[in-house]
1. Using only Cα atoms, what is the ratio of the radius of gyration of the stretch 52-174 to 2.2 N^0.38 Å?
2. Which semi-axis lengths, in whole Å and largest first, follow from the square roots of five times the eigenvalues of the Cα gyration tensor of the stretch 236-339?
3. Using C-alpha positions alone, give me the convex hull volume of the chain per residue in cubic angstrom.
4. Give me the 1.4 Å probe accessible area per residue for the chain, excluding ligands and nucleic acids, in Å².
5. If one computes the Cα centroid of the stretch 182-201 and of the stretch 233-272, what distance in Å separates the two points?
6. Can you list the trypsin sites (Lys or Arg not before Pro) in the stretch 146-221 that are in a DSSP coil and have 16 or fewer other beta carbons within 10 angstrom?
7. How long is the gain from Lys114 to Ala19 if the chain were fully straight, where each residue apart is worth 0.36 nm and the alpha carbon distance is subtracted?
8. Hand me the GluC sites (Glu not before Pro) from the stretch 309-346 located in a DSSP loop with no more than 16 other Cβ atoms within 10 Å, in residue order please.
Amino acid sequence: MALGAATLASCIQDEPLNAEADIVAVTFDKDNRDVLFYTEDSVITVGYKDEDRYIQITYLPTSDITNVAPRFILSEGATITHDESGLDGNGLALDFTSAQHYTVTSENGNYQKKYTLELIPPATITRFDFESFEMIAGGRYINYYEYDEDGKRYNIWATANAGYAMCGLPYFPTQRYDRGQSGNGVRLRTESTGGFGEMMGMRIAAGNLFFGQFDAVNAVSAPRAATLFGIPFNSVPKTFTGYYMFKPGETMTDADGAVISGRVDQPDFYVVMYENSIIVDGKRQSVMLDGNNVLTHENIVGLARIQNPKVWTDEQIEAGEWERFEIPFVFMPGKQIDEDKLANYGYNIAIVLSSSIDGAYFVGAVGSTLYIDTLEIICEE
């Protein structure tokens, strides 16, 4: 018994210290939660990729951001230092009218990562040409972003490519298409997830692109909840326009991989607008729609969604026979815009694009491909 106890103690003492130096999430205490726009609570999941080291969080335009104290969930045993002051960065109150910089040091002290945290005001961007992008994760897949009229970058687009990366396959569902309607466009293709996806009960992955965030940390345990839709908006949509081409894959399958006879896959693309908060016990709580409720939540005020999409041949796609769509924005029954709430960015808007209409439920046809370019949300003046 003595020998066993000594051996156990030795194993515990010899366990190596953690070498990770990541910010897993950014959190805010209850006094600072009013700076949040995108989440239902006070946690912003960050992830573990290089491109996540620049963290942007949109704040309410009425918020005072001169004394905000973020806290950080870090890799086990890691520490965080605020670069400008040299102080412990966890819970340190700072003036976020300018970006703040942090260094995370691993538990074993051998590794460090630099992070920037920026609180940004909302921006109303309404035209999207897909000419601003970068290859991330070692050049494996694409990330789109936008610039406002002042040249400030906004990371408003997200895809589920980070989740698909777990499959270990070379071709990602969301990719650049270099023969767009004008310049570059986007190619969204429904792909097989291979052995990993079959083991997890997620046999396909639709190509997607949307306003919001993708929570790669929880993508396996809660895939639909991992897609968070919406950015703050202060205009009233009138029409959703753009260009598309689509060719369905050959074989429709259900979530179990069984063939669905007689059904042809369809794409889905739409604009949805919703109230981004509710009042509970006299306090504001942020609302962020996800893959479970983006078309059904009671906060939705209106929608512009493609109906009866066309199908192209390979020859038509090769020839670049783009179709322009113009979809009217329709208010939900009994819903109308509150002008005061609109002026204070009390609504979120999301463009959502998918190569398979039921791809969120792992139903679709491998090979279904949607090409998209030159989108615009035309708003009331």
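1. With N residues counted in the stretch 52-174, Rg over 2.2 N^0.38 Å equals 1.24.
2. Working: eigenvalues 234, 81, 21 Å².
Listed largest to smallest, the semi-axes of the stretch 236-339 are 34, 20, 10 Å.
3. Per-residue hull volume (Cα only) is 185 Å³.
4. Numbers: 18070 Å² over 381 residues.
Each residue of the chain exposes 47 Å² on average to a 1.4 Å probe.
5. 14 Å
6. Working: sites: Lys152, Arg153, Arg176, Arg179, Arg187, Arg189, Arg203; in loops: Lys152, Arg179, Arg203.
Sites meeting the loop and neighbour criteria: Lys152, Arg179.
7. Length gained between Lys114 and Ala19: 32.7 nm.
8. Passing both the DSSP loop test and the Cβ count: Glu321.
The values are calculated or read from the model by the stated rules, or taken from the named source; none is laboratory data. Because the structure is predicted, anything quoted here is derived from the model rather than measured. In this analysis, Cβ positions are derived from the backbone assuming ideal geometry, glycine residues included, and neighbour counts consider all displayed protein chains. In case anyone asks, the SASA skips ligands and DNA or RNA and just uses the protein heavy atoms, side chains included. Shrake-Rupley method; radii C 1.70, N 1.55, O 1.52, S 1.80 Å.
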